[in-house]
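Peer 1: For reference, the structure I am asking about is given below.
Since every read-out is calculated from the coordinates, none of them should be taken as a lab result. Remember, predicted model here, so these are calculated numbers, not experimental data. Positions of Cβ are backbone-derived with ideal geometry, glycine not excepted, and every protein chain shown enters the neighbour counts.
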Amino acid sequence: MRFRQFPKLPEAAPPDSPAGEWIAFEKVHGAQLVLGRGADGTVRFGKRKAWLADGEPFFGWQVLRRRLTDAMHEIASLVPGAEKRDLVVYSELHGGGYPHPAVPALASADPVQTGIWYGPELRVAAFAILLAAPGEGDGELLAPSEMELAVDGRPGIGAVPAVARGEAHRRVAELPVLRPPAAPGRDGLPVIEGNVAEGLVLWPDRRSSLGGLRAWKRKIPQMRDETFDRSVPFDPRRPVPPAELGELAARMVGGVRLAGARSKTGDDPALVLDELVLDVLTDLETALPAGIAALSPADLDLLTERIRRAAGRYGDRPSG
């Protein structure tokens, strides 16, 4: 599948900004994560400029892989034309830290970016969806309102929060840019003093080509401060408590992973569960090898049992 890079948005309104309805989205402070589903059904993951190799470090993205694969297949089933075209979801990987004394930190995650805080877990928020024929260049971006409907309620992903919709360009361009990020309040997290969103991205609510997009961004002045650039590279060698690995593993069980296990083993429940456990442990070991290596035999048994119990949500029960 061809990689199609999302264009860098200007910080001023394009002179040919179209008339009609506009949507203002919160600008999420993170790292771009690209999700692609080819016309042949293959799902790939990328960062801003290229596809990621399976074992390539990028904030431990492998622990999200199967949930997001589920989401991509569901999204493709809802978008007309996606069965014969490449479907690309552009998103922001964010979160990974919430420095408040009442919120425990996670050993398995680092803040994707600093200075703006969303929650201790990694999160994925979609901001655009592209459809393109396999040999086509730009393709077609769905209207922002279509993007929201396609990702709403999908496993492991949501849309970037909408601040205003159905407004003329002049109205969204006058919206106050300084506001708290939506995620902490929505999730019931305690307030961090001075925690403000990065800004707004203003979109015409209509389809366009990738090269013909007329969206633009407005950022808070504080984004120039050095406190917004203190994130560190993700370290896969970090120690991770066994209980936290268990929580991660349970969230990694999903429909696509179970279907893949059945395709390799047939319908024998015991064999399906054994294959599922191996698949989850492989992704965990790729993202957090030191955490897996440090497990005692008893801890590994507990982790395996946690994965098997999680499969029960999908109708597969541990044998014995």
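Peer 1: What is the distance, in nm, between label points placed 7 Å from the Cα along the Cα-to-Cβ direction at Ile192 and at Ala50?
Peer 2: A separation of 3.1 nm, rounded to one decimal place.
Peer 1: Take Gln32 and Arg238, extend 7 Å from each Cα along the Cα→Cβ direction, and tell me the distance between the two endpoints in nm.
Peer 2: 2.5 nm
Peer 1: List the relative contact order of the chain as a percent without decimals, with contacts defined as Cα pairs under 8 Å and 6+ residues apart.
Peer 2: Here the relative contact order equals 23 percent.
Peer 1: Taking trypsin sites (Lys or Arg not before Pro) that fall in a DSSP loop and have at most 15 other Cβ atoms within 10 Å as cut points, what is the longest piece of the chain between them?
Peer 2: 85-206
Peer 1: Using the Cα centre of the stretch 83-152 as origin and beta-carbon charges of +1 (Lys, Arg) and -1 (Asp, Glu), tell me which of Ala109, Leu130, Leu141 is placed farthest towards the positive end of the dipole.
Peer 2: Ala109
Peer 1: Between 0 and 90 degrees, rounded to the nearest ten: what's the tilt of helix 297-311 against the longest Cα principal axis of the chain?
Peer 2: Once rounded, one gets 60 degrees.
Peer 1: According to a simple spin-label model (label point 7 Å from Cα along Cα-to-Cβ), what is the distance in nm between Ala102 and Ala270?
Peer 2: Each label point is offset 7 Å from its Cα along the Cβ direction, giving 5.0 nm.
Peer 1: Still on this structure: Just from its helices, what would the mean residue ellipticity at 222 nm be for the chain, if runs of 4 or more DSSP H residues each count -39500 (n - 2.57) and the sum is divided by every residue, rounded to the nearest 500 deg cm²/dmol?
Peer 2: -8500 deg cm²/dmol
Peer 1: Given a Förster radius of 30 Å and the C-beta distance between Asp138 and Arg165 as r, what FRET efficiency does 1/(1 + (r/R0)^6) yield to the nearest 0.05?
Peer 2: 0.75
Peer 1: Taking the Cα centre as origin and putting +1 on Lys and Arg beta-carbons and -1 on Asp and Glu beta-carbons, what dipole magnitude results for the chain, to the nearest 20 debye?
Peer 2: For this selection, approximately 600 debye.
Peer 1: Too long at a 21 Å Cα-Cα cut-off: which of Lys47/Lys264; Lys8/Lys217; Lys8/Lys49; Lys8/Lys219; Lys49/Lys84?
Peer 2: Violating the 21 Å Cα-Cα cut-off are Lys47/Lys264; Lys49/Lys84.
Peer 1: Need the full-extension length gain, Leu175 to Ser209, defined as separation in residues times 0.36 nm minus the C-alpha distance. One decimal, nm.
Peer 2: 9.6 nm
Peer 1: Moving to a separate point now. Which residue, Pro297, Ala259, Thr286, has the largest displacement toward the positive end of the dipole of the stretch 242-314 when charges sit on each Cβ (Lys, Arg +1; Asp, Glu -1)?
Peer 2: It is Ala259.
Peer 1: Give the residue from Leu210, Gly20, Gly185 lying farthest towards the positive end of the charge dipole for the chain; charges sit on Cβ (+1 for Lys and Arg, -1 for Asp and Glu) and the dipole is referred to the Cα centre.
Peer 2: Gly20
Peer 1: Same structure, new question: Among the chymotrypsin sites (Phe, Trp or Tyr not before Pro) within the stretch 1-74, which fall in a DSSP loop and have no more than 16 other Cβ atoms within 10 Å of their own Cβ?
Peer 2: Phe3
Peer 1: Which angle from 0 to 90°, rounded to the nearest 10, does the C-alpha axis of helix 65-78 make with the longest principal axis of the chain?
Peer 2: Relative to the chain, helix 65-78 is tipped by roughly 50 degrees.
Peer 1: Within the stretch 107-163, which GluC sites (Glu not before Pro) sit in a loop by DSSP and count at most 16 neighbouring Cβ atoms inside 10 Å?
Peer 2: Glu136
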